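Data block below; observations after.
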């Protein structure tokens with residue numbers, strides 16, 4: 001038994017409330033269950049109940065056993081002084097107010113509909129043996145139910161990302177351009193080098209980026225040098241030039257890279273090698289000096305592809321590393337990579353920016369995500385296996401990742417709109 005299930009039973013009155021009586025056999029009528037509180041304090045605020053024809057308004061606390069009141073030290077917490085009803089699965093001890101009067105208690109154990117218990121056990125029992133608890137029923141959700149819930153879950157994902165962005169904004173003294181720079185840097189590193197690239201960005205004062213202007217060579221020297229990729233002794237002309245330029249920049253701007261995580265090459269395809277991605281970033285910031293404004297005003301997927309159509313510098317057309325060359329080939333950001341940037345960086349950034357500044361509606365930004373192809377990973381493939389074509393765009397795939405990570409993996413079926421539908425027998 002979980003307290004969350006008891007919350008569900010109380011919230012939706014999934015018990016025989018017509019036969020409900022307090023444990024001291026007083027008549028009990030539930031007029032209003034109150035508002036569910038997900039923060040500290042009693043579980044439901046502003047409930048209305050009638051006990052032996054006396055109307056009470058106040059809070060409701062829910063526990064598996066009555067003795068949990070003392071286990072959680074509620075008797076010493078003034079936030080619980082206004083509890084008018086203690087709802088429990090099993091009543092094993094009386095609970096008293098400050099004036100020594102007993103708090104009325106409702107025991108649910110013998111009032112719950114067998115069907116509700118059966119559905120609860122079916123959904124949550126042996127959950128660790130399933131990929132998701134509702135996997136055998138997932139295909140039964142109609143489009144309206146499923147996508148309405150995914151809408152909410154996707155916004156939850158954006159709000160969660162907004163918390164990090166706002167923390168970065170505060171640390172940067174409200175410099176939105178700097179925040180965008182750091183977010184882009186991290187996501188250019190992808191999963192393998194995300195932390196490393198973020199540490200590089202954090203080691204560079206954004207004012208230095210602005211001062212380097214449109215010099216891609218200086219920008220590249222700065223990025224490579226701060227990443228620790230120019231530390232070798234190598235007799236290669238381009239390497240030597242970059243190293244010399246970096247030494248000049250390091251002295252001029254008093255640069256320090258002691259806290260930088262060195263990027264990795266292991267398990268990376270050559271096009272994702274650190275030098276390739278850093279060169280593309282250098283070209284991007286040197287070619288588009290007002291990148292922040294361009295991103296904020298970009299209103300279509302096609303504009304985003306144009307904006308981020310960044311190549312490497314010429315040297316990298318024939319190299320993946322400084323030591324070996326290959327046949328000439330332009331290394332341009334691919335549409336798939338730009339899609340990932342859009343999904344993981346641009347949309348969360350713009351959503352947060354527009355919401356904070358109120359400059360525009362966020363709906364236009366979200367509409368673009370719906371035009372991007374869904375991500376390809378094992379989670380999305382498994383959801384599509386349970387219900388064909390569940391994810392038809394990136395909006396859906398992002399929502400499904402949030403659903404899996406924040407609800408399914410945490411057995412939070414009782415907080416999930418889909419799980420609640422199953423428990424209520426509406427599917």
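Data for the structure
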quantity	calculated
Degrees between helix 274-287 axis and first principal axis of the chain (Cα, 0 to 90, nearest 10)	80
Region 77-192: radius of gyration over Cα atoms, expressed as a fraction of 2.2 N^0.38 Å	1.80
4 °C / 1.567 mPa s Stokes-Einstein diffusion coefficient of region 290-330, Kirkwood radius on C-alpha pairs, µm²/s	105
Cα pair count fraction exceeding 19 Å, expressed as % - region 252-401	64
Nitroxide proxy distance, nm - points 7 Å out along Cα→Cβ at residue 211 and residue 389	5.7
Antiparallel %, DSSP beta bridges [both residues in the chain], to 5	65
Stokes-Einstein D (µm²/s) once Rh is taken as the Kirkwood radius of the chain over alpha-carbon pairs, at 25 °C in 0.890 mPa s	96
Residue-averaged [θ]222 nm for the chain, counting only DSSP H segments that reach four residues, each worth -39500 (n - 2.57)	-13500 deg cm²/dmol
Cα-based Rg of region 168-207 normalised by 2.2 N^0.38 Å, two decimals	1.10
Radius of gyration, Dmax [region 10-139; alpha carbons; angstrom]	16.3, 54
Max mean-square fluctuation residue, GNM over the chain, Cα-Cα springs under 10 Å, options 136, 98, 109	98
Cα coordinate range in region 172-369, projected on the principal axes (Å, largest first)	54, 38, 28
Length-normalised contact order for region 172-369 - Cα pairs under 8 Å, 6+ apart - percent	21
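A short reminder: the numbers here are calculations on the coordinates, not readings from a lab. Given the structure is predicted, the values throughout are model-derived calculations rather than measurements. We place every Cβ from the backbone using ideal geometry, glycine too, and count neighbours over all the protein chains shown.
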